[in-house]
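Trainee: Attaching a single structure in structure tokens format; questions to follow.
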């Protein structure tokens, strides 16, 4: 019986240095941003400005993870937008719920 | 990976069949849409946290003067300041920062496994999958420690005033669970358990899936199949778990 091994036919390509370097760059950016977030947590006073800085940095990090690691940036446009557009509902939910929360605060802690 | 080409003859409708308009396999698309729905679930939890937090007053005084109380929402960095083997040392957010770093690193090793899969490099896939699994297990262990610390509580109890049978009494509370919480309003502890718990369960499922991928790689399943697309699909899930943690880190621990 000819024990035909398929495994010998598989050609292993050499590592794509360019691509791997890019991945480590993204990793470095994510690490740096997390480090900055950590520093800002102690260097800035609590307030809307600090929260905004955190939100912007988080969105940048999310962009790198979804765009580069999850490769969404390089997918076809239809796929990209069918994932991105529904996120609008999350933004709306955030606005509506936070507004509601502040109103609840007014009612609960009037005294 | 039967990549059908998306180029069609002029005038031919891309959506009429025979081509793959999204240029992605069925499995990958379904993973994407599952992750989208999962993003909604996590948003539900995190945004509800935002609502309940906004409904409570914030601590008004200077950060140095902060003490635990039911009257206002706690400052997270005053709650999460413990690090293993450094008992009694106040290191706010250090441990959770380390956890974040571990999860980001395991996301990097995962994407390297995917890259190796594209090249049909079985040995490299095995190596990077092992690192990814190790990162996941390390993260889960850290979380187990953090939960234990949160549940057991600090050395000194928090004193709470409570109205029982018509008179005010002072209660000593150490630690937190779904009934009592020494760190502040009960909702704070509940959200801690639900949000980090739900995320931790995702990490746990991810480690199991990663192990399955590793097992199939070692036994040569993907080599015989001719492609490593399963690594990509589970990779998407694993990156998503990292993505969620980025949001939990910001909105639960930092803000």
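Trainee: Picking from B:76, B:92, B:21, which is most flexible by a Gaussian network model of chain B using Cα springs under 10 Å?
Mentor: Taking springs between Cα atoms under 10 Å, the residue moving most is B:21.
Trainee: Oh, and also: Within 10 Å of each Cβ in peptide A:62-72, how many partner chain Cβ atoms are there on average? Round it to a whole number, please.
Mentor: 6
Trainee: Shifting gears a bit: So if we plug the beta-carbon distance of residue A:45 and residue B:144 into 1/(1 + (r/R0)^6) with R0 = 41 Å, what FRET efficiency do we get, rounded to 0.05? Walk me through the intermediate numbers first.
Mentor: On the way: r = 34 Å, r/R0 = 0.83.
My answer for the efficiency is 0.75.
Trainee: Which length gain, in nm to one decimal place, applies between residue A:103 and residue A:78 when the Cα-Cα distance is subtracted from 0.36 nm times their residue separation?
Mentor: On the way: separation 25, 0.36 × 25 = 9.00 nm, distance 3.92 nm.
That works out to 5.1 nm of additional length.
Trainee: Here is a further query. Rounded to the nearest 0.05, what FRET efficiency do residue A:24 and residue B:161 give with R0 = 56 Å and r taken as the Cβ-Cβ distance? Could you check?
Mentor: Working: r = 54 Å, r/R0 = 0.97.
Once rounded, the FRET efficiency stands at 0.55.
Trainee: In vacuum, with every alpha carbon of the stretch B:119-247 counted as one equal point scatterer, what does the Debye formula give for log10 I(q)/I(0) at q = 0.09, 0.11, 0.12 Å⁻¹? Two decimals, please.
Mentor: So the normalised log intensities work out to -0.43, -0.55, -0.61.
Trainee: Only bridges with both residues in the protein assembly as shown count here: give the DSSP antiparallel percent, nearest 5. Mind dumping the intermediate values first?
Mentor: Working: 8 of 9 bridges.
The antiparallel fraction comes to roughly 90 percent.
Trainee: Between residue A:62 and residue B:38, what is the label-to-label distance in nm when each label sits 7 Å out along the Cα-to-Cβ direction?
Mentor: Once both label points are built, they end up 1.6 nm from each other.
Trainee: Treat the count of other C-beta atoms within 10 Å as a stand-in for reagent exposure and order B:239, B:70, B:179 from fewest to most.
Mentor: B:179, B:70, B:239
Trainee: Using label points projected 7 Å from each Cα along Cα→Cβ, tell me how many nm separate residue B:174 and residue B:186, to one decimal.
Mentor: Inter-label distance under the simple model: 2.2 nm.
Trainee: Where does the Debye-calculated log10 I(q)/I(0) of the stretch B:182-255 sit at q = 0.13, 0.21, 0.22 Å⁻¹, using only Cα point scatterers of equal weight, no solvent?
Mentor: Values, matching the q order: -0.52, -0.90, -0.95.
Trainee: Another question, then. Over all distinct Cα pairs, what is the inverse of the mean 1/r for chain A, reported as the Kirkwood hydrodynamic radius in Å?
Mentor: It works out to 18.8 Å.
Trainee: Still on this structure: I need the shape label for the stretch B:11-118. Rule: rounded when a/c is under 1.5, else prolate if a/b > b/c, else oblate, with a, b, c from the alpha carbon gyration tensor. Spell out each step's value before the answer.
Mentor: Working: a/c = 5.19, a/b = 1.96, b/c = 2.65.
Cα axes put the stretch B:11-118 in the oblate bin.
Trainee: If you build the convex hull over the alpha carbons only and average its shadow over all orientations, what do you get for the stretch B:59-146? Give it in nm² to one decimal.
Mentor: One quarter of the hull surface, i.e. the mean projection, equals 7.6 nm².
Trainee: May I pose another question? Springs between alpha-carbon atoms under 10 Å, Gaussian network over chain B: tell me which of B:117, B:61, B:226 tops the mean-square fluctuations.
Mentor: Most flexible of the set in this elastic network: B:61.
Trainee: Of B:234, B:180, B:207, which has the largest mean-square fluctuation in a 10 Å C-alpha GNM of chain B?
Mentor: The residue that fluctuates most here is B:180.
Trainee: Further, regarding this structure: Which FRET efficiency value, to the nearest 0.05, is calculated for residue A:52 and residue B:201 with the Förster distance at 45 angstrom and r the Cβ-Cβ distance? Spell out each step's value before the answer.
Mentor: On the way: r = 31 Å, r/R0 = 0.69.
Computed FRET efficiency for residue A:52 and residue B:201: 0.90.
Trainee: Kindly put B:133, B:151 in sequence by how many other C-beta atoms sit within 10 Å of each C-beta, fewest to most.
Mentor: B:151, B:133
Trainee: What is the extension gain from residue B:215 to residue B:29, computed as 0.36 nm multiplied by their sequence separation minus the C-alpha to C-alpha distance, in nm to one decimal?
Mentor: Numbers: separation 186, 0.36 × 186 = 66.96 nm, distance 2.38 nm.
The residue B:215-residue B:29 span can extend by a further 64.6 nm.
Trainee: Determine the shape class of the protein assembly as shown: with a ≥ b ≥ c the square roots of the Cα gyration tensor eigenvalues, call it rounded for a/c under 1.5, and otherwise prolate if a/b is greater than b/c, oblate otherwise.
Mentor: In terms of gyration-tensor shape, prolate.
Trainee: Using the eigenvalues of the Cα gyration tensor, what equivalent ellipsoid semi-axes result for chain B when each is taken as the square root of five times the eigenvalue, whole Å, largest first?
Mentor: After diagonalising the Cα gyration tensor, the semi-axes are 46, 22, 14 Å.
Trainee: Would you kindly calculate the mean projected area, averaged across all directions, of the convex hull enclosing the Cα atoms of the stretch B:99-157, in square nanometres?
Mentor: Orientation-averaged projected area of the Cα hull: 4.2 nm².
Trainee: Further question on the same structure: If neighbour count is taken as other Cβ atoms inside 10 Å, put B:162, B:242 in order from fewest to most.
Mentor: Ordered from fewest to most neighbouring Cβ atoms within 10 Å, B:162, B:242 come out as B:162, B:242.
Trainee: Using only the C-alpha atoms of the stretch A:69-108, find the volume of their convex hull and express it per residue in Å³.
Mentor: 63
Trainee: List, largest first, the extents of the alpha carbons of the stretch B:66-107 along their principal axes, each in whole Å.
Mentor: 40, 22, 10
Trainee: Shielding of B:46-56 by partners, i.e. mean partner chain Cβ atoms within 10 Å per residue?
Mentor: Per-residue shielding by partner chains comes out at 6.
Trainee: Tell me the label-point distance for the pair residue B:66, residue B:89, using the 7 Å Cα-to-Cβ offset, in nm and rounded to one decimal.
Mentor: 2.0
Any read-out appearing in this document is the output of simple, stated calculations on the displayed coordinates, not a laboratory observation. On a predicted model such as this, the values are computed, not experimentally measured, just so you know. Neighbour counts run over all protein chains shown; Cβ positions are idealised from the backbone, glycine included.
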